[in-house]
Amino acid sequence: MSAPFSWIKPEPHGIYIPPADCWVDPSRAVGKALVTHGHADHARGGHGETVATPETLAIMELRYRTGAEDDAGETPHKAVPVEYGETIRLTGGVDATYIPAGHVLGSAQILLEHAGERVIVTGDYKRREDPTCPPFEVTPCDIFITEATFGLPLFTHPPIEDEMAKLLDRLAAHPDRCVLVGAYALGKAQRVIAELRRAGHRDPIYLHGAMEKMCRLYEEHGVDLGELRLVADYSKDDMRGAIVVCPPSALNDRWSRRLPDPITAMASGWMRVRQRARQRNVELPLVISDHADWGELTRTIKEVDAQENWITHGREDALLRWCQLHQRRARALALVGYDDEDD
Amino acid sequence: MDEFAALIDALVYTRSRNEKLRLIAEYLRATPDPDRGWALAALSDGLDFPAVKSSTIRNLMKDRIDPVLWSLSRDFVGDTAETASLLWPQKQMAPDQPPSPPSVSETVELLEAMNRKSAVTELPKLLDRLDPSGRYALLKLATGGMRIGVSSRLAKTAFAQAFEVSVDEVEEYWHGLAPPYPELFAWAAEGEDPPDIDNLPTFRPFMLAHPLEETVVDLSDYAAEWKWDGIRVQLVRAGDETRVYSRSGDDISATFPELLDMLPFPAVLDGELLVRGIVQGGEEGGAASFNALQQRLGRKTVSKKMLKEAPAFVRLYDALLVEGEDLRPCPWTKRRARLEALMERLPDSHFDISRIVEAKDFEHLAAIREGSRDDAIEGLMLKRKDSPYIAGRRVGYWYKWKRDPLLVDCVLMYAQRGSGKRSSFYSDYTFGCWDGDPDAGADLLPVGKAYSGFTDEELKKLDRHVRRNTVNRFGPVRETDKSLVFEVAFDSVHESKRHKSGLAMRFPRIHRIRWDKPPHEADRVEALRALVRD
């Protein structure tokens, strides 16, 4: 009998499971990877085999062409789809169950079970409602490995309806201009569009070219985004009074010169802090995040009520302190390669 | 307060100067007195409430949040007021009790009535009446200095635009009036007579100089003077009272009481405040180093001993008003002639005149400037002979031609996160020189700190360097692995007991980042010490 939890090893490049010889969200190419969701810092290309939800696999296929054939006409990458709620048996007697994480389309927490011990790796998650993906499910476990991107008590994401109203009010006040919304191309952009539709905005929404394929992929998975148009196909005048969505990197790029006097907005949890918005030259900060805020993080730790909490990327110091103040066992994992700057 | 908070938020997120002017002007037109006057004061010079300081806010927060969580949050945000506005527990109002945010003037009254002790109970009551934006505006207003990208000049320009008056006229009256400026609004907004400031010893904005850089001027059009290394002051006598103002318009009369009975007639004079000595320009120069003057700055009272050991005097540059006559529209040559004629009516114990530096031509002048370091003088001033005295910086009239900076190679030791625009970036650097031979095991000693001289792109690279090469963390400070060399530029270096190295640099800034240079090739402390001219 080996020591408790010796079958799970946090390493700098991801979480390693020795009996199954596979990794969770490794930040470099490995033989076999379990992937929580499609964001580039969790889903890298080049693995030999990837176990993920069908939606995440589709996203990875789109981003890394993981389904491409090599010169011999074979597909070297092996994609193993797992539906939400489904359990897959790995080698070495390790079971993996994929549970909704509420972060983006296809995002999952992975419950790992071995020798009667249960470990959950959340990847990224939130507890708010999101029309583009099923909600986070609280699942009991022994070790809860949580993210901490917004792990500071000052982060409280306001209700998304308030932020949509802010956006639509500004749009209505400037019928000759457009509002250019910087939003992460996978997840945030589609959620903002879906929320705009839910708020009753029926006008065509214009897209930066880099967003098109991901939006189409969402639509193929049943997320209704309404009428979408490509900026490249329309004139300045067409876009007056319209919402344009682009990746954050394009906000202050020359690309935006083709737009009618854009009001620069950005949808991100960081927008809660004024100076962060100023650094980005954002005129209309929209506090919208696909990550749990402080209240959600601490509530989740309480509800899951694991024996031990492992805290990964983000502001782990503060969440660690909170656990200490609330007599919960916790440790910080120093994983490299996770990047939170765009959310 | 809601409208003021909305204005502050809009200004924070606006880049365009014209848009900022429009926002402020619109607020000033739409808001009643005295709210708009207080708001104008907050945006321009800032209001001062002695009972509320950053430490007051920190202490309030200590009772409401775990201190570790507070400091982690404060460190991330980079601004105490904003952090507190976000972390303040929002008071839940009963449904029959609508929120009652205070007006700006009510806020000001309540803040003025507070003392250190009562602030502990009164400030929370105010915070409870506001939402996060309102709390931010309140805390910024209360602690002075909004730091939201609006200069005093911009606020005054917006005032002038709002009511279609001249901004120069606004500047002229400004310093004779106090917030909430009822006379100013009565004049500009209601068309009443302009405020009467003739019998008040008010500050008049300084004329400033541009750096000369590559410009070459013809000495038949320009006169040259030494740029003395003291502090620029304005001496104003009106209505039997004399005041001394600093460059920013602060009244520093109490710090230099020996000057207050020395001006025998009404006038506004511009000059350099210096302490007697022989460092600057030798016996003939007659002035001590800036370091000697520094001992006297920032004091509210001055001891007899200090008056005797470091007597101050003013080396006059210019005359703006003399006995009711406004000389500012006159050419410099005429003002200079008047100033020279005035000298015999002024006691030479406390006044002299900044002499003209004679040179055959520009090359000759350049050679004279080369020698200014040994004379411990900052450099030269070039003044166009036909220039009127105009507030602010106008191209082509006055130039400052500082001597070239000194350079030394230092090693980055510690970095701290900046605040404001640079919050989250490691932008404040402490650097050191070798205390002996680095190859024989000598250590680095910190010699200075700088947070300017690099571009935004370089800042990003430096930030990355700090994050990747951290060996230790002390709260907001990171110690690096001492692998990066900075070429540091500075104006002068002085003995100082405050630093371990015994040296203090004047105006150090990063001149070049030497990504290529191995740290053991950086300079030693003794090389820096050899540059001291005290």
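The values are calculated or read from the model by the stated rules, or taken from the named source; none is laboratory data. Note that the coordinates shown come from a computational prediction; the quantities given were computed from them, not determined experimentally. Here the Cβ positions follow ideal geometry from the backbone for every residue, glycine too, while neighbour counts run over all protein chains shown.
Scanning region A:139-162 for residues that are away from chain B (no Cβ under 14 Å) and assigned to a helix (DSSP H, G or I), we see that the one that is nearest to A:W294 (Cα to Cα) is A:I160.
Filtered by the rule that a residue be assigned to a loop (DSSP other than H, G, I, E, B), modelled with pLDDT under 90 and touching a helix residue (DSSP H, G or I) at 6+ places or on another chain (Cβ under 8 Å), region B:475-495 gives B:G475, B:P476.
Yes/no matrix, rows are residues, columns are (1) under 30 Å from A:A148 (Cβ atoms); (2) touching a residue at least 60 places away in the same chain (Cβ under 8 Å); (3) of a type in the set (D, E, K, R); (4) not assigned by TED's automatic domain parsing to the domain that holds B:L130:
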position	(1), (2), (3), (4)
B:L43	no, yes, no, no
B:F76	yes, yes, no, no
B:D79	yes, yes, yes, no
B:S85	yes, no, no, no
B:Q90	yes, no, no, no
B:S100	no, no, no, no
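Just so you know, in region B:135-172 the residues that are within 14 Å of chain A (Cβ to nearest Cβ) and in a helix (DSSP H, G or I) include one that is surrounded by the most Cβ atoms within 10 Å (Cβ to Cβ), and it is B:A137. Take A:P140 and tell me if it is surrounded by fewer than 24 Cβ atoms within 10 Å (Cβ to Cβ), touching a residue at least 24 places away in the same chain (Cβ under 8 Å) and closer than 17 Å to A:V82 by Cβ. Considered against the rule, which asks whether it is surrounded by fewer than 24 Cβ atoms within 10 Å (Cβ to Cβ), touching a residue at least 24 places away in the same chain (Cβ under 8 Å) and closer than 17 Å to A:V82 by Cβ, A:P140 comes out as no. Scanning region B:422-474 for residues that are under 25 Å from the mean Cα position of the chain (by Cα) and without any contact (Cβ under 8 Å) to a residue 24 or more places away in the chain gives B:D428, B:T430, B:T455, B:D456.
Please go through region B:498-529 and give me each residue that is without any contact (Cβ under 8 Å) to a residue 12 or more places away in the chain and among the acidic types (D, E), ordered by number. Spell out how you get there, then give the answer.
Step one: list which residues in region B:498-529 are without any contact (Cβ under 8 Å) to a residue 12 or more places away in the chain, which gives B:498, B:516, B:526.
Scanning region B:498-529 gives B:D516, B:E526.
Looking only at region B:315-345, which residues are surrounded by 20 or more Cβ atoms within 10 Å (Cβ to Cβ), of a type in the set (K, R) and in contact (Cβ under 8 Å) with a residue 60 or more places away in the chain? If the condition is that a residue be surrounded by 20 or more Cβ atoms within 10 Å (Cβ to Cβ), of a type in the set (K, R) and in contact (Cβ under 8 Å) with a residue 60 or more places away in the chain, then B:R315, B:R336 are the ones that fit. If you take the residues in region A:273-293 that are buried (at least 23 other Cβ atoms within 10 Å of the Cβ) and charged (D, E, K, R), which one is farthest from the other protein chains (Cβ to nearest Cβ)? Out of the qualifying residues, it is A:D290.
Scanning region A:64-75 for residues that are in a loop (DSSP other than H, G, I, E, B) and within 27 Å of the chain's Cα centre (by Cα) turns up A:R65, A:T66, A:G67, A:A68. Scanning region B:251-300 for residues that are closer than 15 Å to B:H350 by Cα, assigned to a strand (DSSP E or B) and within 23 Å of the chain's Cα centre (by Cα) gives B:L269, B:D270, B:G271, B:E272, B:L273, B:L274, B:V275. Among the residues making up region A:163-172, those that are free of Cβ contacts under 8 Å to residues at least 40 places away in the same chain and either in contact with a strand residue (DSSP E or B) (Cβ under 9 Å, 6 or more places away or on another chain) or not in a helix (DSSP H, G or I) (or both) are A:M164, A:L168. Where helices (runs of 4 or more DSSP H) fall entirely within region B:1-89, those with at least 3 residues that are within 14 Å of chain A (Cβ to nearest Cβ) and either buried (at least 20 other Cβ atoms within 10 Å of the Cβ) or within 28 Å of the chain's Cα centre (by Cα) (or both) are at B:2-12, B:17-30, B:67-77, B:80-87. Of all the residues in region A:103-132, those that are in a loop (DSSP other than H, G, I, E, B), in contact (Cβ under 8 Å) with a residue 40 or more places away in the chain and not acidic (D, E) number 14. When region A:52-80 is filtered for residues that are of a type in the set (G, A, S) and touching a Gly at 6+ places or on another chain (Cβ under 8 Å), the ones remaining, listed by number, are A:A52, A:A58, A:A79. When region A:294-331 is filtered for residues that are within 13 Å of another protein chain (Cβ to nearest Cβ), surrounded by 17 or more Cβ atoms within 10 Å (Cβ to Cβ) and not in a helix (DSSP H, G or I), the ones remaining, listed by number, are A:G314, A:R315.
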